[in-house]
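Engineer: Before I ask anything, let me first share the structure, which is written out below as C-alpha cells.
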Amino acid sequence: MQHISYLSARDRYRIEKEEHTGKGRADFTFYPLTSRDIPIIIELKRGKGTQVAIDQIITQEYASKLFDLYKRNVLIVGIDYTEGKDHTCQVMELKYR
C-alpha cells in the first residue's frame with residue numbers, strides 16, 4: 001500500500017529522499033506542485049514507535065525549509081514498522097508561525 005501511495009503522489013508532489021532539512025535528514029519530503037496541496041514530511045522508524053519519528057521531525061526542525069518556502073502549515077507523518085508487515089502511523093499538522 002505504501003508503494004502505491006508513493007507512486008500516486010508523484011503526480012502532485014516532487015518527492016525527495018534523505019534530504020538535508022533543518023538539523024538533519026528527513027526520510028521523505030513532499031514538495032507540492034500546486035498551492036492546493038500541503039507540504040509533507042515522513043519519518044520512518046523500525047520498532048521505535050511513531051512518537052519517536054514525530055519528535056525527531058520536530059526537534060530536528062525538518063519543517064523549517066518547508067515553512068520558509070510555502071509560508072503555511074506542514075503535515076508530518078511518523079511511520080513505525082516491524083520485520084513483518086505491521087505498520088503504525090501517526091499524522092500531525094505543524095502550524096506555520
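Engineer: Consider region 64-97. How many of its residues are among the basic types (K, R) and surrounded by fewer than 13 Cβ atoms within 10 Å (Cβ to Cβ)?
Structural biologist: 4
Engineer: Does R14 satisfy the criteria of being exposed (fewer than 12 other Cβ atoms within 10 Å of the Cβ) and either in a helix (DSSP H, G or I) or touching a strand residue (DSSP E or B) at 6+ places or on another chain (Cβ under 6 Å) (or both)?
Structural biologist: Spelling it out, R14 is indeed exposed (fewer than 12 other Cβ atoms within 10 Å of the Cβ) and either in a helix (DSSP H, G or I) or touching a strand residue (DSSP E or B) at 6+ places or on another chain (Cβ under 6 Å) (or both).
Engineer: Quick one: I79 ticks every box in (1) assigned to a loop (DSSP other than H, G, I, E, B); (2) closer than 21 Å to A9 by Cβ; (3) touching a residue at least 24 places away in the same chain (Cβ under 8 Å) except a single one, so which number is it?
Structural biologist: Going through the list (1) assigned to a loop (DSSP other than H, G, I, E, B); (2) closer than 21 Å to A9 by Cβ; (3) touching a residue at least 24 places away in the same chain (Cβ under 8 Å), I79 breaks only (1).
Engineer: Determine which member of the set I54, I38 is among the hydrophobic types (A, V, I, L, M, F, W, C), on the phi < 0 side of the Ramachandran plot, touching a residue at least 12 places away in the same chain (Cβ under 8 Å) and assigned to a loop (DSSP other than H, G, I, E, B).
Structural biologist: Sole residue among the options that is among the hydrophobic types (A, V, I, L, M, F, W, C), on the phi < 0 side of the Ramachandran plot, touching a residue at least 12 places away in the same chain (Cβ under 8 Å) and assigned to a loop (DSSP other than H, G, I, E, B): I38.
Each reported figure results from applying straightforward, stated rules to the coordinates on display, with no laboratory input. This structure is a prediction, so every number in the text was calculated from the model and none was measured. In this analysis, Cβ positions are derived from the backbone assuming ideal geometry, glycine residues included, and neighbour counts consider all displayed protein chains.
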